[in-house]
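J.: After the structure tokens below, expect a handful of questions from me.
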Amino acid sequence: MINIKNRRELFVDRYMIDSMDGTFLKLHEPVTAEKSIVIDRPNEGGANAGSVVIKTGGRYLMYYRGMKADAETGVSLAAESEDGVNWIKRENNLVSPGGVVWLDTRPGIPENERIKSFQTMSKSGIAHTPVNDPPGGKYLLMYTSADGYNFTKMDPQPVIESDLLNSFDGGNNLFWSEAEQKYLLYYRILENDNGFYRRSVARMTSEDFYTWSEPAVMKYSDTPEQFYTNNTEPYFRAPHIYIAPAARFMERRRVVTDEQAEQIGLLKGYKGLYVYFNDCSDAVLLTSRAGSDVYDRTFMETFIRPGIGYGNWVSRTNYPLTGIFPLDESRMMMYVSRHYMQNSWHVERLLLRTDGFASLSAPWKGGELTTKQFIFEGSELEINYRTSAAGFVRVEIICGDDVYKSEEIIGDEIKRAVKWQDDASIANASGKPVYMRFVMKDADVFSYKFN
């Protein structure tokens, strides 16, 4: 029996669904807002790469790699914002010693230790760089910072190591899970898929941050997809659901011609040895639930498309940054890197409806969905929905012989308390096994929650 208590449920997977008749799950794409940061410093270049955005102490910090196209290594840099919209760079915006930054939200962590970062090291003590991938296992070296710019090596160090092929080679995410009461690390590996080596993801956990589990390779689909970065994090309105807008790398799927590459001024990599238009990339929506080693692939379609312009169709571009944030009650925002290996490289802000990754949708002719049996706590049902002027949503809750039917709901609201026919109260169904049915026409339901 599923007990959802009063947690919010989203239609990003089929976890709560028993049957659908005429309805379907629909993926929604974020829309472009504006450029957040561009190349404007001497230590930046076409090989810049966005990493993560965190919010702490009333400000947003965006971390990214500053790197000239033909350089061997880059530097870690940061930009700041009060609202996530308007960004500035300090005169000295260098992050030292660099690495992947994350925010430790575990209760009880001192405020001056919440901003942490880690670097990938080989067990021989050699730091990983784009042109230096030492053989053998690797481990993570952990740092803390009070200001988000100057980091100090932790003492004692946690033991975070992995012998899986190509462990920690970029695209690594670490966070405290409120739902699991553990630290979770999702990191990139190379997985042997019947002789095809694909960039994939493994997961490790820790209850105390210092001792970590053996890795579990994430399962996600039978298709030979590769994920360069995973960006996994708990969704801020439903922390038991992990959202992963992953960068999907389509190796050797060339779109741009030699002439088009020259037209956009595509730059060559280290010592002119690398070209970056033999592949293309976009982003897909992976989701997972607390305690699971599976990425759900309800939606095989793209989540963030490359878009118009040859500059978006080269290798290693359209990579999302880790971090999804509320903008206001109705919208949330995230970020994506565009135009890799070009002087027009930039980070772009994207907007999406609150809870709006996906929806339960019904066409003009209508349809319905019935959930699996579950238990809830509360006396009110709240839904995030929208209809056309001619459409509607109705909700039914079946508890034994009792059936609670809602009034017809029309409109577009992030938070709508459902009213029941005959002024009935669903409080009597709280704590008992129930089914829920959505009956809809030309409408979307994005989420629901009992209060």
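Only the coordinates and a few stated rules stand behind these numbers; no lab work does. Since this is a predicted model, take the numbers as computed values, not measurements. Backbone-built Cβ (ideal geometry, glycine too); neighbour counts: all protein chains shown.
J.: HN-Hα J couplings of the stretch 264-272 from phi, Karplus 6.51/-1.76/1.60, θ = phi - 60°, integer Hz, Gly and Pro as x?
T.: Per-residue couplings from phi come out as 8, x, 4, 8, 8, x, 2, 6, x Hz.
J.: Follow-up question, since we're still on this one. Using the alpha-carbon centroid of each, what span in Å lies between the stretch 313-387 and the stretch 245-282?
T.: 28 Å
J.: Trypsin sites (Lys or Arg not before Pro), restricted to the stretch 1-86: which are DSSP loop and have at most 14 other Cβ atoms within 10 Å? Walk me through the numbers before you get to the answer.
T.: Working: sites: LYS5, ARG7, ARG8, ARG14, LYS26, LYS35, LYS55, ARG59, ARG65, LYS68; in loops: ARG7, ARG8, ARG14, LYS68.
Loop-located and lightly packed - ARG14.
J.: Let me ask another. Quick one: Cα convex hull volume of the stretch 31-353, Å³ per residue? Walk me through the numbers on the way to the answer.
T.: Details: hull volume 43.6 nm³, N = 323.
Spread over its residues, the Cα hull of the stretch 31-353 gives 135 Å³ apiece.
J.: Looking at the stretch 154-234, which GluC sites (Glu not before Pro) are in a loop (DSSP not H, G, I, E or B) and have at most 14 other Cβ atoms within 10 Å?
T.: GLU178, GLU207
J.: For the chain, what is the relative contact order in percent, using Cα pairs closer than 8 Å and at least 6 residues apart in sequence?
T.: On the way: 1192 pairs, mean separation 83.3, N = 451.
Over the chain, the number comes to 18 percent.
J.: Counting helices only, and only those DSSP H runs with n ≥ 4, report the 222 nm mean residue ellipticity of the chain as the sum of -39,500 (n - 2.57) divided by its residues, in deg cm²/dmol to the nearest 500. If you can, show how the numbers build up before the last one.
T.: Details: 1 runs with 6 residues, N = 451.
It lands at -500 deg cm²/dmol.
J.: Using the Cα centre of the stretch 31-353 as origin and beta-carbon charges of +1 (Lys, Arg) and -1 (Asp, Glu), tell me which of SER81, TYR276, ALA49 is placed farthest towards the positive end of the dipole.
T.: TYR276
J.: Counting other Cβ atoms within 10 Å, keep those with at most 10, restrict to DSSP loop, and tell me which trypsin sites (Lys or Arg not before Pro) in the stretch 222-285 are left.
T.: Numbers: sites: ARG237, ARG248, ARG252, ARG253, ARG254, LYS268, LYS271; in loops: ARG237, ARG252, ARG253, ARG254, LYS268.
Taking the stretch 222-285 and a limit of 10 other Cβ atoms within 10 Å, the loop trypsin sites (Lys or Arg not before Pro) found are ARG252.
J.: Give the calculated FRET efficiency between ASP40 and GLN263 to the nearest 0.05, with a Förster radius of 30 Å applied to their Cβ-Cβ distance.
T.: Details: r = 23 Å, r/R0 = 0.77.
Rounded to the nearest 0.05, the efficiency is 0.80.
J.: Positive end of the charge dipole of the stretch 31-353 (Lys, Arg +1 and Asp, Glu -1 on Cβ, about the Cα centre): tell me which of GLN260, ALA69, PRO158 has its Cα farthest that way.
T.: GLN260
J.: Going by amide H atoms built from the backbone, whose H comes under 5 Å of the H on CYS280, apart from near neighbours?
T.: So CYS280 has HN proximity to MET250, ARG252, ARG253.
J.: If you don't mind, another one. To make sure I understand, if each residue's beta carbon is the centre and we count other beta carbons within 10 Å, what order do HIS28, HIS339 fall in, fewest to most? Don't skip to the answer; put the middle values down first.
T.: Numbers: HIS28 18, HIS339 24.
So the residues, fewest neighbours to most, are HIS28, HIS339.
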